[in-house]
Structure formats: C-alpha cells, structure tokens
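Bear in mind these aren't lab numbers, they're just calculated from the coordinates by the rules spelled out. Computed from a predicted structure; not experimentally measured. Using ideal geometry, Cβ is built from the backbone for each residue, glycine included, and neighbour counts are taken over all protein chains shown.
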Amino acid sequence: MDPVFRLQLRVTADVVDEHRHVNNVAYVQWMQDAAISHAEACGGARLAQELGGSWFVRMHRIEYLKPAFLNDEITVLTWVADWRKVRSLRRYRFMKNQTVLAEGETDWVFVDAVTGRPKPITQQIVSAFGIAPDGPSAR
C-alpha cells in the first residue's frame, strides 16, 4: 500500500466563514478525517484496537498558504513522516489541482486504551502505515 493516503472532499457551505473562504478550524477537522480514513484503509485502526491501543493528539501545526472556497474540490494528502517509541508524526498537504493550499502536521501519541498511558508502537503498526519521510513524490 502507498504510504501516502489521499482523501477527496468538496468544500461545503458549513465550513465557509464570513470572509467567504474555508474557516481555519475546518482544516483541523479534515486532518483528523484524513488520519482516521488512512488508519481504516491500511488496517491500522483495527490493529491498534486489537493491541488495546488508541491514538491521541499531542500537537497540531498548520500553515495556510492560499484560501479555498465554496464547492472547491480538495485533495488531502497525508502520510507518516516518522515513528518514535510512543509517538508518530503525520504530515498533511491540502491541494486544489496542482496548488498547495495548506500544509500541516500532527504529533500523535499511542496510548493504552484503558489507562491512557503511553504505549510502545509495535512493528506491526509501523508496517501497516508505512513511512514517507519526505512525503509524496511530485506526480
């Protein structure tokens, strides 16, 4: 499976603000949606549950480069850039055609679903998601 996951979406009226472009908060929601969709597609969500684990956000960072507007077709690209003992850095790129609208990252922590304490990430999880340190190649 390609370690770079793609989520297609269309901008709807509920995420457009008074300036007639996508509200910044929508990007955080789309980051979460893309991460969850990627985990489900590669089997990582099922595997985390089988291992008694869950993912929690430690930090989000987003850089907004160009606005998106109502009915725009956007592709959210996401990939895991690195794996650490209990943390994983996931990156995102929001594209409209060949234009980068925004880029971001989330530092995720793998935790025990019962205790909420950090839990080591297994090689099984790393293998399910893969890794793309430099992100998607130019296509």
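Values as computed for the structure displayed
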item: Matching residues, the stretch 78-92, being surrounded by fewer than 20 Cβ atoms within 10 Å (Cβ to Cβ), touching a strand residue (DSSP E or B) at 6+ places or on another chain (Cβ under 7 Å) and of a type outside the set (G, A, S); result: D82, V86, R87, L89
item: Cross-chain or 6+ apart pairs with Cβ under 8 Å, the stretch 111-134 first and over 22 Å from A34 (Cα atoms), then of a type in the set (D, E); result: P118/D112; K119/D112
item: Test: A45 is farther than 21 Å from R10 by Cα and among the aliphatic types (A, V, I, L, M); result: yes
item: Odd one out for T99, checked against (1) loosely packed, with under 12 Cβ neighbours inside 10 Å; (2) touching a strand residue (DSSP E or B) at 6+ places or on another chain (Cβ under 9 Å); result: (2)
